[in-house]
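The values are calculated or read from the model by the stated rules, or taken from the named source; none is laboratory data. Nothing here was measured: the structure is a model prediction, and the numbers come from that model. Note that we place each Cβ from the backbone using ideal geometry, even for glycine, and neighbour counts take in every protein chain shown.
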Amino acid sequence: MRKKKSGKNKAASTNFPNWAKWLSATAALIVVLVGGSLGVGAQLENNDQFCASCHTNPETTFVDRTTQPATDLASAHAAENVGCIACHSGEGFAGRLDAMKLGARDLIAFAKRDFPQPAQLTHAIPDGNCLKCHSNIDQAQTFENHFHVLLPRWQSARPESAASCVDCHTGHDTAGRPDLKWVSVDPTQQQCNACHRVMGD
Ligand code: HEC
Ligand code: HEC
Ligand code: HEC
Ligand code: HEC
Ligand code: HEC
């Protein structure tokens, strides 16, 4: 999946990506989108440095962290050879296609230099993106795991307000607790309480 990379990251030191990189990223994406050459596209997407070819600070720090000891959930995944695109796309071909559509929008925005910096998440990451690898989280039917086991019930009772995985498991928050599998304590506590209000007693 992830390619071996050198320790230093060029994009991080400059505020604007250089044109050569931009052109190669653009050319590559056009090949993917127009040519339909999915093989080439998938190769590129699987390389985390590809993401850094457009994304500038602070997002390049997300990529930098993948070559250092883990400091957040995303870099902990990098250590397991799980790259950026894995969390940022859904299951199977349809999931990849949705990610590519978002990529096409982003490419146009990038070419026009018309985009907010730092990047904003306009498409929340759905649980399916995580469950494609973590479908067994409800296997342990214990109290210690009740927040995973009961989650689907909360979600079907209150689809609009119930937590999704990433409400507790933030991707890039370095305030996450490694001893608690990188969950961010404050937002997680809020979700614990929210479910207790709905499902408690
Ligand atoms: C061709 C340049 C380019 C490349 C390559 C690129 N991005 Fe982006 N990305 C953008 C632009 C432009 C935006 C939207 C504007 C913004 O919010 O900064 C964006 C937005 C995003 C967002 C927010 C999406 C939303 O709206 O919810 C995420 C997440 C993201 N990119 C992740 C990635 C990942 C992961 C990769 C590598 C697989 C990647 N990007 C590669 C240019 C790019
Ligand atoms: C491509 C597969 C894949 C995807 C997608 C994925 N993970 Fe993981 N995840 C792993 C692997 C592999 C590990 C390490 C082995 C393990 O603990 O299961 C892991 C570990 C974890 C851990 C434990 C971290 C630790 O330090 O022990 C958490 C929490 C986690 N993932 C949450 C998520 C969440 C939330 C998402 C979605 C945003 C997600 N994962 C998406 C494969 C994936
Ligand atoms: C209400 C908050 C909350 C939600 C929502 C949540 N988790 Fe967790 N998750 C936690 C906590 C807290 C831990 C750490 C448990 C520990 O180590 O004691 C954890 C641990 C994990 C782990 C590490 C392995 C394990 O079971 O200990 C994985 C993987 C994981 N969660 C995946 C997910 C996925 C996938 C979703 C969405 C379907 C999700 N979580 C939803 C709070 C949550
Ligand atoms: C474990 C799953 C996971 C991995 C791996 C991952 N992300 Fe994310 N990403 C998230 C989540 C969840 C968010 C939503 C914001 C948050 O929770 O920090 C996010 C948000 C983003 C955003 C939107 C800006 C923001 O801060 O909200 C960008 C851009 C982004 N990620 C890029 C990347 C890049 C580049 C990589 C590879 C180095 C990567 N992501 C790897 C889960 C992941
Ligand atoms: C999906 C719903 C849900 C989530 C999320 C959830 N809980 Fe619970 N929790 C319950 C239910 C239901 C009970 C049993 C009824 C009660 O005591 O409120 C319970 C009970 C408890 C109890 C025992 C309460 C008591 O008064 O004895 C503790 C402690 C607890 N949860 C901790 C947590 C923590 C910590 C989190 C977040 C990491 C969490 N829960 C997330 C549903 C949830």
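Results for (1) touching a residue at least 12 places away in the same chain (Cβ under 8 Å); (2) more than 23 Å from residue 74 (Cα to Cα); (3) within 16 Å of ligand 2 (Cβ to nearest atom); (4) touching a Phe, Trp or Tyr at 6+ places or on another chain (Cβ under 8 Å), shown as yes or no for each residue.
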{"position": "104", "(1), (2), (3), (4)": "yes, yes, no, no"}
{"position": "109", "(1), (2), (3), (4)": "no, yes, no, yes"}
{"position": "118", "(1), (2), (3), (4)": "yes, no, no, no"}
{"position": "141", "(1), (2), (3), (4)": "no, yes, no, no"}
{"position": "144", "(1), (2), (3), (4)": "no, yes, yes, no"}
{"position": "157", "(1), (2), (3), (4)": "yes, yes, no, no"}
{"position": "177", "(1), (2), (3), (4)": "no, no, yes, no"}
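Being within 24 Å of residue 65 (Cβ to Cβ) and exposed (fewer than 11 other Cβ atoms within 10 Å of the Cβ) holds for only one residue in 120, 141, and it is 120.
Among the residues that make up the stretch 128-140, is at least one of them within 13 Å of ligand 5 (Cβ to nearest atom) and at negative phi?
Checked against the condition, which is being within 13 Å of ligand 5 (Cβ to nearest atom) and at negative phi, the stretch 128-140 yields at least one hit.
Only one of these is near ligand 4 (Cβ under 10 Å from one of its atoms) and among the aliphatic types (A, V, I, L, M): 70, 52, 79. Name it. Give the derivation first.
Working: 70 fails: near ligand 4 (Cβ under 10 Å from one of its atoms); 79 fails: near ligand 4 (Cβ under 10 Å from one of its atoms).
So the residue among 70, 52, 79 that is near ligand 4 (Cβ under 10 Å from one of its atoms) and among the aliphatic types (A, V, I, L, M) is 52.
Can you confirm whether the stretch 86-102 contains a residue that is loosely packed, with under 14 Cβ neighbours inside 10 Å, touching a residue at least 60 places away in the same chain (Cβ under 8 Å), within 13 Å of ligand 1 (Cβ to nearest atom) and over 21 Å from residue 176 (Cβ atoms)? Among the residues of the stretch 86-102, not one is loosely packed, with under 14 Cβ neighbours inside 10 Å, touching a residue at least 60 places away in the same chain (Cβ under 8 Å), within 13 Å of ligand 1 (Cβ to nearest atom) and over 21 Å from residue 176 (Cβ atoms), which makes the answer no. Those helices (runs of 4 or more DSSP H) of the stretch 98-199 in which 3 or more residues are closer than 27 Å to residue 52 by Cβ and modelled with pLDDT of 90 or more occupy 127-131, 165-168. Filtering the stretch 55-71 down to residues that are surrounded by fewer than 22 Cβ atoms within 10 Å (Cβ to Cβ) and under 13 Å from the mean Cα position of the chain (by Cα), which residue is nearest to residue 181 (Cα to Cα)? Here the residue is 62. Answer yes or no as to whether residue 166 is within 16 Å of ligand 2 (Cβ to nearest atom), touching a His at 6+ places or on another chain (Cβ under 7 Å) and free of Cβ contacts under 8 Å to residues at least 60 places away in the same chain. So residue 166 does not fit the description; no.
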